[in-house]
Every structure is written in C-alpha cells, then in structure tokens.
Number of protein chains: 2
Amino acid sequence: MTDPTGQSSSWLDPYFCPAGRRRRGPALEQALYSATLGQLAEHGLGAMTMEGVAAAARTGKASLYRRWSTKEDLVLDAVGCAMPAVEDYDSSTGSLREDLLHLLSQMATFVNGPNGQIVRSLLCGAEPGHPLLEMARTRLIDPRLHRLVRLIEQAVDRGEARPGSATPTLAQVGPAIAIHRFLLFGRVTEDDVAEIVDSVVLPLLQDGPRPPHAEPPAAPPPRVDRAPVAQVH
Amino acid sequence: MTDPTGQSSSWLDPYFCPAGRRRRGPALEQALYSATLGQLAEHGLGAMTMEGVAAAARTGKASLYRRWSTKEDLVLDAVGCAMPAVEDYDSSTGSLREDLLHLLSQMATFVNGPNGQIVRSLLCGAEPGHPLLEMARTRLIDPRLHRLVRLIEQAVDRGEARPGSATPTLAQVGPAIAIHRFLLFGRVTEDDVAEIVDSVVLPLLQDGPRPPHAEPPAAPPPRVDRAPVAQVH
DNA sequence: ACCGTAGGAGACGCAAGCGTTTCTTATGTG
DNA sequence: CACATAAGAAACGCTTGCGTCTCCTACGGT
C-alpha cells in the first residue's frame with residue numbers, strides 16, 4: 001500500500017497526482033483527508049505524524065498547517081468525513097430478521113474495510129470524553145442504535161417481537177457483540193452476523209419474558225444487593 | 001499521578017525508592033513493570049517511550065535495555081504480569097444469577113481500575129494477530145469465557161438454564177456488552193452489570209427457544225441467503 | 001497571455017527519543 | 001570487611017518529528 005517513504009502507490013490511490021502536477025482547494029483537501037485516515041489506521045492516533053500525512057499525500061507540511069494548526073483538528077475533520085450516515089433511515093423490509101441482518105451487515109462491511117482500523121483507533125486510542133470518541137459515538141453508534149430501536153418497535157407492532165423489547169439496552173446487544181468480535185478477530189464474517197442474529201438477538205427479542213419452565217427452579221430473585229460490584233478506583 | 005518529568009509521586013508509588021537508595025533484581029523489575037504499565041495506560045502503545053518508562057521508574061535507560069532489548073519485549077512481559085488469573089475456577093454460588101453478577105463484577109472492577117486503560121490499549125492499539133492482542137485473548141478473555149460456559153452448564157444441570165444454552169456464543173454476550181460499555185463510557189457501573197445480567201443474559205439463558213407466541217408471525221425462515229454480507233476488503 | 005494565489009519542495013533550528021557508552025557508587029554476598 | 005556486581009546518572013551521536021519559513025512555479029480566473 002505504501003512505500004518506505006509513506007507515499008501512496010500511484011496505481012491505487014484515487015487521489016494520485018503525477019509529479020509536477022498540483023492539486024488545489026477541495027481536491028487537495030480530500031487527498032489530505034485520505035492520507036490522514038490512512039496514517040491513522042496504520043500507526044494509530046498516538047504514533048501518527050504530520051510529516052507522515054504530508055508525505056502520504058505527496059504534499060508539503062505547509063499545505064497541512066495552512067488548514068489545520070494541530071493534529072487533533074486535522075484528525076477530527078478527517079474522521080468526520082469518514083463517518084457514513086445511517087442509510088435508509090426509515091425503511092424496513094417487513095421482517096425483523098432481515099432488518100437485523102441488513103443493519104449488522106452494513107456495520108460488518110464498514111468495519112471489515114479500511115475504516116475498521118480507524119474505528120479501532122478511535123475506540124481505544126482515545127480515552128472517554130475525548131472529542132474523537134464522542135464523535136464516533138454520536139455519528140456512528142448512536143444513530144444506528146436509534147435506528148435499531150425503531151426497527152424493533154415496528155417488529156413489535158407486527159407481532160414479531162415481544163412487547164417491551166424495543167429498548168436501547170436490547171438494541172445494543174447485536175452491535176456490541178459484532179464490535180467485540182471485530183476487536184478480537186479483526187473482522188466480522190457473514191457467519192458471525194447470522195449467528196449473532198439467530199442465536200442471540202432474535203431469541204432475546206422474540207421469546208417471552210421468563211415463561212415458567214417445567215419445574216420453575218425457585219424463580220431467581222428479581223433483585224439482590226450484592227456489595228462488591230463495579231467500583232471506580 | 002506523575003510530575004512533568006514522568007516521575008512517580010513518592011507518597012503514592014508502592015515501588016518508590018528515596019533518592020540515593022538503589023533497588024536491585026526483582027524489586028527493580030517490579031518497579032519497571034509498574035512504570036511500563038503506567039506509561040502504556042497514559043500514552044498508549046504507539047506513543048509510549050523507553051525514556052518515559054525509565055524516568056517514571058526513576059532509573060536509567062541502561063537498566064531497561066539490560067533486561068529487554070525492545071519496547072515490544074518490555075510491554076509483553078509487563079502486560080503478562082498484569083493479567084489476573086481466573087479466580088475460583090471451579091466454585092459456584094449455586095445461583096446462576098449470582099455467578100453471573102460475580103464474574104461480571106470482577107471484570108468491571110478490573111476494567112474500572114488503572115488496568116482499564118491498558119485493556120483499551122491492547123484491544124485497540126494492536127491489530128489482529130499482534131502478540132499483545134493474542135495474550136489478552138488467551139489470558140484474559142478465553143479463560144473467563146470458558147469459566148462462564150462451565151457455570152452455565154452447572155446451571156443447566158440445576159434446571160436454572162435452558163438445555164443447550166451453555167455455548168461460547170451465548171457466554172460471550174455478557175462480557176461483550178460490558179466491554180462495549182467500557183469502551184464507550186470509560187467504566188462499567190454496578191447498575192450496568194445488573195442490567196446486563198437481568199435484562200439480557202438471564203432472559204437469553206432461561207427462556208425457551210421460540211415458544212410459540214399467541215399468533216406465530218409466520219416463523220422467520222431459519223436461514224436466508226442474503227448476498228451483501230460482511231466481505232473482507 | 002497575464003498575474004495573484006496557493007501548492008510542492010525542502011531547509012531551518014529546536015526538541016525528544018533512540019540505543020550505547022562511561023563513570024561513580026550503593027548493595028549484599030562471602 | 002572486601003569485593004564483584006549491577007544500579008543511577010548523564011553524555012554520546014544519531015534519527016525523527018516539530019512548526020516556521022523561503023523559494024519557485026503550476027494553476028485558474030480575468
């Protein structure tokens with residue numbers, strides 16, 4: 001993908017510009033965003049450098065500093081451009097299972113591509129409260145969570161999901177498992193998506209809440225005041 | 001926690017050594033591990049430096065390089081020391097809910113403490129296949145997953161969980177959601193743990209698989225061959 | 001065709017980290 | 001107590017990145 005100097009290979013880079021030629025304005029800007037995202041994915045937030053970005057974009061540092069005075073500003077803008085909006089915000093296939101597969105597949109495709117490493121960098125390279133993490137949350141996570149809740153609501157109306165199951169907590173389950181697998185294994189496969197939907201999410205949304213079993217084993221207490229839980233240090 | 005030079009505050013550092021005194025052998029080694037973990041948590045894998053570690057441990061770089069020739073070796077050893085073994089591997093409280101709360105609370109406590117930032121660094125600072133990520137998986141994640149499966153098996157035997165629910169896929173759900181919340185919000189609270197157990201994991205493990213509802217909505221097809229799912233680019 | 005703007009290229013001095021080396025001296029073992 | 005060992009401290013030359021600056025020229029509008 002990149003040669004030792006960090007420059008993009010000409011035959012693959014959509015923003016490639018032959019030597020001697022010059023990009024200006026928006027074209028250059030897009031190339032800089034692209035280079036920034038590449039460096040972010042390759043080196044992580046902490047180790048990426050302005051020089052690396054300039055070299056990858058085949059431009060000088062001056063063009064960078066003319067637009068953004070700090071690495072934070074640059075990364076914030078570049079990442080903002082890479083965040084895809086929720087597609088088909090109000091559409092539904094009419095089948096809960098189809099809707100879930102569709103949405104999780106979109107996530108998987110996004111995360112399996114070059115942007116996956118960027119998501120990784122954002123989730124982990126930035127401590128809580130960092131603007132980059134906030135951006136990932138408000139632009140990537142929250143809209144999809146909201147959309148999922150709506151899809152579940154519609155499924156409830158159709159009788160496909162148990163009443164009361166359209167909560168953020170339950171909607172979060174599928175994405176959380178998908179992200180978990182991505183972080184551990186580097187990708188989310190087609191089989192992963194199907195398994196998450198069929199083995200976890202659908203049972204959770206469809207099955208009634210605690211239907212009494214053959215022999216109800218002294219139905220576990222609804223609440224217990226255990227002490228040693230989750231203290232922040 | 002640290003002053004501008006990265007040195008540990010004397011009144012808090014368990015490995016503090018007054019100026020003029022010298023630590024040797026294992027004592028020094030522990031201090032170096034501690035300093036390494038601190039730097040790792042503070043700056044991330046990419047941006048931490050050997051000089052920073054030496055300064056934080058109040059020693060010279062020579063003592064570092066005498067033991068580890070690269071940053072990778074150092075971090076690998078230091079992180080290995082920080083990975084807690086699974087406690088009470090074979091014990092069970094006799095209640096599935098109690099067992100789940102207990103195990104997730106242990107995870108939450110670990111992750112809420114100073115080691116949380118290290119988990120973050122490992123999950124995200126290292127791409128798939130990196131030895132550090134492998135170590136996190138084999139030492140932190142997998143043992144707990146295995147233990148969870150055993151706990152669920154015991155619950156199945158007691159009639160507390162649905163037969164067939166003791167699978168790695170289902171066992172993964174609780175930890176995945178906990179880690180997800182940790183990554184997004186920086187901590188996992190007592191309420192989070194209780195909510196995960198009571199709203200997600202227990203229903204999933206206890207409710208029967210698709211008990212026919214009032215009007216079974218044309219039971220969703222068990223398998224569908226959707227095309228555009230999760231391609232690796 | 002002209003010309004003001006801004007892009008590319010790279011040099012600048014500075015700071016930080018690298019990995020090595022040297023020198024002094026605290027340490028704990030025999 | 002004497003001594004071999006290894007710790008602390010700091011300097012070494014080197015590399016990389018910083019942010020600024022300058023020079024020259026390609027670009028695109030008039």
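For this structure, a couple of remarks:
- Cα gyration tensor category, rounded, prolate or oblate, for the stretch B:41-102 with a/c compared to 1.5: prolate
- The alpha carbons of the stretch A:134-212 stretch over 39, 26, 20 Å along the principal axes, in descending order.
- A straight Cα-to-Cα reach below 16 Å connects A:Lys71 with the aspartates and glutamates A:Glu29, A:Glu42, A:Glu51, residues fewer than 8 places away in its own chain not being considered.
- Calculated FRET efficiency for the pair B:Lys71/A:Lys61, C-beta based, R₀ 30 Å, to 0.05: 0.65
- Cα-based equivalent ellipsoid, the stretch A:48-189: semi-axes from gyration tensor eigenvalues, Å: 35, 14, 13
- Relative contact order for the stretch A:30-166: 27 percent, from Cα pairs under 8 Å spaced at least 6 residues apart, divided by residue count.
- Rounded FRET efficiency, nearest 0.05, which uses the C-beta distance separating B:Glu87 from B:Thr189 and R0 of 22 Å: 0.55
- Spatial offset of the stretch A:97-136 relative to the stretch B:93-150 amounts to 21 Å, using the alpha carbon center of each.
- Charge context of B:Val53, other residues only, Cβ under 9 angstrom, K/R +1, D/E -1: +1
- Cβ crowding within 10 Å averaged over residues, with B:79-91, A:95-107, A:24-36 ranked highest first: A:95-107, A:24-36, B:79-91
- Computed packing ranks the peptides B:144-157, A:115-128 as A:115-128, B:144-157, most packed first, by mean other Cβ atoms within 10 Å.
- Averaged over peptide B:170-176, the number of partner chain Cβ atoms lying within 10 Å of each residue's Cβ comes to 5.
Every number in this text was worked out from the coordinates using simple rules, so none of it is lab data. This structure is a prediction, so every number in the text was calculated from the model and none was measured. For neighbour counting, all protein chains shown are included, and Cβ atoms are generated from backbone atoms with ideal geometry for every residue, glycine included.
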